[in-house]
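A short worksheet on the structure shown next.
The values are calculated or read from the model by the stated rules, or taken from the named source; none is laboratory data. Nothing here was measured: the structure is a model prediction, and the numbers come from that model. Here the Cβ is made from the backbone with ideal geometry for all residues, glycine too, and neighbour counts use every protein chain on show. The accessibility values were calculated without ligands, DNA or RNA, using every heavy atom of the protein model including side chains. Shrake-Rupley method; radii C 1.70, N 1.55, O 1.52, S 1.80 Å.
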Amino acid sequence: MKSLVSSITKSARSILCQECLSVFCKHLFSTSSNMAWRSHGEDNTSLIQNLFSNNIVKSEEVRDVMLQVDRGNYVKSNAYMDAPQRIGYNITISAPHMHGHALELLKDHLKPGMRALDVGSGSGYLTVCMALMVGNAGGAVGIDHIAELVEMSRENIERDGKAGLMESGQLHLVVGDGRKGWAEGGPYHAIHVGAAAPTLPQELVEQLAPGGRMVIPVGEDGGDQSLDQIEKGMDGKVTKTRLFGVRYVPLTDKDKQLHC
């Protein structure tokens, strides 16, 4: 019996999500024996192919976009490790499996010609992925409240050879309070929020287009948090679905962010 309990305990520890620290974080589960956080690569290509092989990135559409955006240009160390990394200003870039999961959830709302908003755009990585998916007839806005971080993300994008996205207006980076969104670029078919709001921000809901979808972590810092999917029907009716438990840094104001 003791050996059975020991075996079960070891198995449970082996499937802990290294971002959520949860056994039951659904985005980790796949038909492969390798879970998301084991999808490390030696370079961007191997990282994304591992995520695809492990069924974390499920569609060729998302895989092909992530192959175009080299994570090594957006983070200084351990770029191809499937784990969150610090990028300065008390900010982290999410683990690749979380980026892939977010794009999978939003892909039907990131079709050519659509509009997207990335709240807490940080390094600029996910904003670029979203901009590539909506194409030159659409547009993606990345918003962050730290001006130095927004400037750093511009440099990252240039280093990745994607400056043309900014020059054409297909991608727009702004400094502002992401909790209030960016109304002048909306309404948005897809909204991604990269930090946990204590409650669902109503201004972001208002900026969601009819038929649009938002993916946002909701819950108090250090408390019960979940990744929620918010959908607005064509009639304007809003529905909320709790997807799974997560652990994110808080969506807060600039002063608290810099001094947390």
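Give me the accessible area of Thr199, 1.4 Å probe, in Å² rounded to the nearest 10.
90
Report the Stokes-Einstein translational diffusion coefficient (µm² s⁻¹, integer) for segment 34-102, Rh taken as the Kirkwood radius over Cα pairs, at 4 °C with viscosity 1.567 mPa s.
Diffusion coefficient, whole number: 110 µm²/s.
Expressed as a whole percentage, what fraction of the accessible surface of segment 81-180 belongs to carbon and sulfur atoms when a 1.4 Å probe is rolled over the protein heavy atoms?
Numbers: 1680 of 3460 Å².
That share works out to 48 percent.
Compute the signed sum of charges (Lys and Arg +1, Asp and Glu -1) over the other residues within less than 15 Å, Cβ to Cβ, of Met166.
On the way: positive: Arg154, Arg159, Lys162; negative: Asp118, Asp144, Glu151, Glu155, Glu158, Asp160, Glu167.
So the surrounding residues net to -4.
Probe 1.4 Å, all protein chains in place: accessible area of Tyr80 in Å², nearest 10?
It works out to around 50 Å².
Can you list the HN-Hα couplings for segment 215-228, worked out from phi with the Karplus curve (6.51, -1.76, 1.60; θ = phi - 60°), rounded to whole Hz and with x for Gly and Pro?
Along segment 215-228, the couplings run 10, 8, x, 10, x, 5, 4, x, x, 6, 10, 9, 8, 10 Hz.
Determine the gain in length on full extension of the stretch Asp64-Glu206; use 0.36 nm per residue of separation and subtract their C-alpha separation, reporting nm with one decimal.
On the way: separation 142, 0.36 × 142 = 51.12 nm, distance 3.14 nm.
Between Asp64 and Glu206, full extension yields an extra 48.0 nm.
At what distance in nm do the modelled label points of Asp43 and Arg242 sit from each other, each positioned 7 Å from its Cα along Cα→Cβ?
4.4
In the neighborhood of Tyr74, defined by Cβ-to-Cβ distances under 15 Å, what is the net charge if each Lys or Arg adds +1 and each Asp or Glu adds -1? Working shown, then result.
Numbers: positive: Arg71, Lys76, Arg86, Arg154, Arg159, Lys162; negative: Asp43, Asp70, Asp82, Asp118, Asp144, Glu151, Glu155, Glu158, Asp160.
For residues surrounding Tyr74, the net value is -3.
Please list Asp108, Asp82 from largest to smallest accessible area, probe radius 1.4 Å, with all protein chains kept in place. Present the calculation step by step, with values, prior to reporting the outcome.
Details: Asp108 90, Asp82 0 Å².
Listed by decreasing accessible area, they come as Asp108, Asp82.
For segment 126-260, what size does the Cα cloud have along each of its three principal axes, sorted from largest down, in whole Å?
Here the spans come out as 41, 39, 24 Å, largest first.
Roll a 1.4 Å probe over the protein chains and send me the accessible area per residue for segment 108-260 in Å².
Working: 6490 Å² over 153 residues.
On a per-residue basis, segment 108-260 sits at 42 Å².
Can you pull the percent of Cα pairs in segment 146-201 with separation above 20 Å? Walk me through the intermediate numbers first.
Values: 548 of 1540 pairs.
So the portion of pairs separated by more than 20 Å is 36 percent.
Given the C-alpha atoms of segment 74-175, compute the convex hull and give its volume per residue in Å³.
84
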